[in-house]
Amino acid sequence: MGSDVRYDIGELGRPGGIGIRCQGVVHLYRTFEGHDVVALQGVDLTIEPGERVAFLGPSGSGKSTLLTLLGGIQKPSAGRIFLGDDEISRLGERSLAKIRSRRVSTMLQGSTRNLLPYATARQNIAFARLAMTSAERRNAVLDVDLLRRVGLADQVDQVVSTMSGGQRQRLALACAVSTGPQLLLADEPTSQLSHEDRDHVIELIHGLGDDLDTTIVVVTHQPEVAATFPRTVTMKGGRVGAEGRDGAEYVVIGAEGVVHLPTHLAEQWPQGTLVRIEPEEMDRLVVSRPGARTPAVGGTDTDTRGHAAPQEDPA
């Protein structure tokens with residue numbers, strides 16, 4: 001597929017990306033044994049319209065749960081979630097269904113969960129567009145052009161169950177963007193793919209994002225995938241623990257001043273370690289262990305949003 005081949009798939013009469021705002025989001029779920037588990041605890045997060053963000057974190061950190069809340073698939077146990085001006089955490093199921101079908105597309109983990117396995121590629125596109133009005137369908141890009149855009153020109157009438165894993169994932173992406181969503185959510189879109197297919201899918205996600213000017217949020221455990229995004233959010237213990245922006249790494253101050261140490265420091269400084277925090281300037285702190293010759297974290301620069309960025313150790 002030539003990378004210079006492009007198709008306009010954004011002419012659906014709606015603006016580009018939509019912003020996201022989470023305020024104190026908490027989510028609990030109950031296990032089969034009847035125990036309550038806290039998946040998210042006090043998530044505060046803002047994503048600007050058109051922004052592209054990769055969520056990282058270990059298994060059980062809450063990143064996939066947060067994705068389903070942003071897509072209106074689940075409601076939070078507490079807290080507020082806004083898509084643009086709409087507080088989706090307070091909407092009824094009918095309103096949420098309209099948002100899920102028209103403004104937000106969610107790719108669940110595993111391509112087969114997003115497709116009709118015994119239908120063709122063309123039929124899957126048509127199924128994804130069922131909620132669109134007749135006028136929107138007329139203005140939408142032709143299914144054959146959309147499939148050509150994702151490298152499936154020869155699979156238009158091929159049944160999904162006979163496709164390769166990479167082909168199914170590209171079709172799932174085509175279905176997800178076929179309605180021109182303002183927000184694209186993708187949970188591990190490159191898991192279990194070869195390196196070549198992984199790179200192809202990520203290239204398509206960014207390319208289709210360019211065409212749509214949509215907001216994109218991807219959950220991934222692959223550093224190679226996260227590195228292609230201008231912003232990363234690392235989930236730790238159900239909270240936003242760290243962020244990466246334009247190559248700089250930040251820790252995030254949580255409730256009551258809680259800060260998650262970077263992983264390598266948390267291993268060197270286990271729970272219970274005594275540390276000293278000394279202000280040097282208004283926007284700089286020195287964190288050190290008693291008896292250490294130099295601070296293990298030389299200092300942190302804080303910005304007006306309350307993030308903290310580790311700096312190099314002082315000489």
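Derivation of every value follows stated rules applied to the coordinates shown; laboratory data play no part. Bear in mind the structure is a predicted one, so any value in this text is a computation, not a measurement. Neighbour counts run over all protein chains shown; Cβ positions are idealised from the backbone, glycine included.
I'd like the FRET efficiency for Leu116 and Gln192, computed as 1/(1 + (r/R0)^6) with the beta carbon distance as r and R0 of 25 Å, rounded to 0.05.
With R0 = 25 Å, the Cβ-Cβ based efficiency is 0.80.
The lysines within cross-link reach of Lys236, meaning a Cα-to-Cα straight distance under 22 Å and a gap of 8 or more places when in the same chain, are Lys63, Lys75. Here each label is just a point 7 Å from Cα along the line to Cβ, and for Ser134 and Gln222 those points are 4.3 nm apart.
By average Cβ neighbour count within 10 Å, what is the ranking of 161-171, 63-73 from highest down?
Values: 161-171: 19.6, 63-73: 22.5.
Taking the mean over residues of other Cβ atoms within 10 Å, the ranking is 63-73, 161-171.
Build a GNM of the chain with springs between Cα atoms under 10 Å apart, and of Gly247, Gly34, Gly60 the one that fluctuates most is Gly34.
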